[in-house]
Amino acid sequence: MATVVVTGRLPDETLGALRDAGHEVRAWEHDGPVPRDQLLALVEGADALVTLVTERVDAELLDAAGPGVRVVANVAVGYDNVDVPVCADRGVVVTNTPGVLEEATADLAMALVLMSTRRLGEAERLVRSGQEWQWGMQLLLGRGLQGRTLGIVGLGGIGRATARRARAFGMHILYTGRRDAPSDVVEELGARRVELAELLEAGDVVSMHLPYSAATHHLVGADELARLGPTSYLVNTARGPVVDEEALVHALQEGTIAGAGLDVYEHEPRVHPGLLELENVVLLPHVGSATVETRTGMALLAARNVVAVLAGEDPVTPVG
Ligand code: GLV
């Protein structure tokens, strides 16, 4: 019997799937991330780890687990919290959860596009404040999307699903990427690949959909925000550090860009205090994939990966 350590609360059917495969499950059963010292104790003797994005999977954690670990199944599509080379050195398979969270995350990206361009955070705060208000020609004017351009930075699964939604709102699509997207995707979306500088200059809204790595650290900084311009918006549902948050605060304060919608932060869960004071930014607590259906799909896929590797089979969705 193998021991699977699950580092957070997952839907019951996930733990059931692991137990049905004959494994012993040891899970962190409390709300919120497991404190590091307790995590190091929890993983001792594990054959498999099911991890969340709040856990750093590094040499220290693998040492604490011991030599039996064969697989780290991260319950997320992003895996910048996992030191993949260290895992590879030790023969530990790393898996993620692509293909199950694209639609939910794209829904949230589109929600942020609408919330920021139509000033819906401000609007809701106004009603909740109890201040007097009435219909007015100038009340909370935002900007429409019809005929505008959405710049997608990274046209992977989530980027494509976001582009599809934006097309239904009458937007044109530009994208950046290391290579051309498949021709059927390009055709369906009417999308054109351009360099980042052109995308920023032409985009009325720019939405980030790329993984975080050393290569994408601060991909959008002060110069890029200046290119975006005073009538345009930035949306980030990817990972916080792809944007230089300090530069973003300045751009929002100075009106270098019109507004932003964020679901992720550079030093998550800390939010830059400058952002909290601004009206022209919508702030969400990393809930891109947070639907019952999607979280269940993610957790079950992680469980399938663990069961496969522990059975000596190929993982379903290995990273890389
Ligand atoms: C969540 O942030 C994910 O990468 O799936």
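Derivation of every value follows stated rules applied to the coordinates shown; laboratory data play no part. Keep in mind that what you see is a predicted model, and the values were worked out from it rather than measured. Here the Cβ positions follow ideal geometry from the backbone for every residue, glycine too, while neighbour counts run over all protein chains shown.
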Against the rule of thumb 2.2 N^0.38 Å, how large the Cα Rg of the range 1-156 comes out: 1.47
Only Cα pairs within less than 10 Å get springs; with that Gaussian network setup on the chain, which residue of E103, E124, E245 has the largest fluctuation? E124
Please return the longest stretch of the chain lacking exposed loop sites, where chymotrypsin sites (Phe, Trp or Tyr not before Pro) count only if DSSP places them in a loop and at most 13 other Cβ atoms lie within 10 Å. 136-320
For the chain, list log₁₀ I(q)/I(0) at each q in 0.06, 0.08, 0.10, 0.11 Å⁻¹, using the Debye formula over Cα point scatterers of equal strength and ignoring solvent, two decimals each. -0.23, -0.41, -0.62, -0.74
How long is the gain from A222 to S183 if the chain were fully straight, where each residue apart is worth 0.36 nm and the alpha carbon distance is subtracted? 10.7 nm
Report the one residue of N280, V5, G68 whose Cα lies farthest in the direction of the positive end of the charge dipole of the chain (charges on C-beta: Lys and Arg +1, Asp and Glu -1; origin at the Cα centre). N280
Note: D89 to E132 extended length (0.36 nm per residue) minus current alpha-carbon separation gives 9.2 nm
Per GNM of the chain with C-alpha springs under 10 angstrom, the most fluctuating residue out of T54, T237, T95 is T54
Where Lys and Arg each count +1 and Asp and Glu each count -1, what net charge lies around L278 among other residues with Cβ under 14 Å from its Cβ? -4
Enumerate the residues in the range 90-117 having an amide nitrogen under 20 Å from the point lying 7 Å beyond the Cα of D20 toward its Cβ. 100
With N set to the residue count of the range 192-320, report its C-alpha Rg divided by 2.2 N^0.38 Å to two decimal places. 1.27
Once amide H atoms are built 1.01 Å from N in the peptide plane, which residues 5 or more positions from V71, or in another chain, come under 5 Å H to H? L49, V93
What's the angle, to the nearest 10 degrees (0 to 90), between helix 157-168's Cα axis and the longest principal axis of the chain? 30
Taking Cα atoms, how many degrees apart are the long axis of helix 102-117 and the longest axis of the chain, rounded to 10 and kept between 0 and 90? 30
10 Å beta-carbon shell around L210, net charge (K/R +1, D/E -1): +2
State, to one decimal in nm, how far the label point of E44 lies from the label point of E60, with both points 7 Å from Cα in the Cβ direction. 1.7
In whole percent, what relative contact order does the range 1-118 give with Cα contacts below 8 Å and a gap of six or more residues? 21
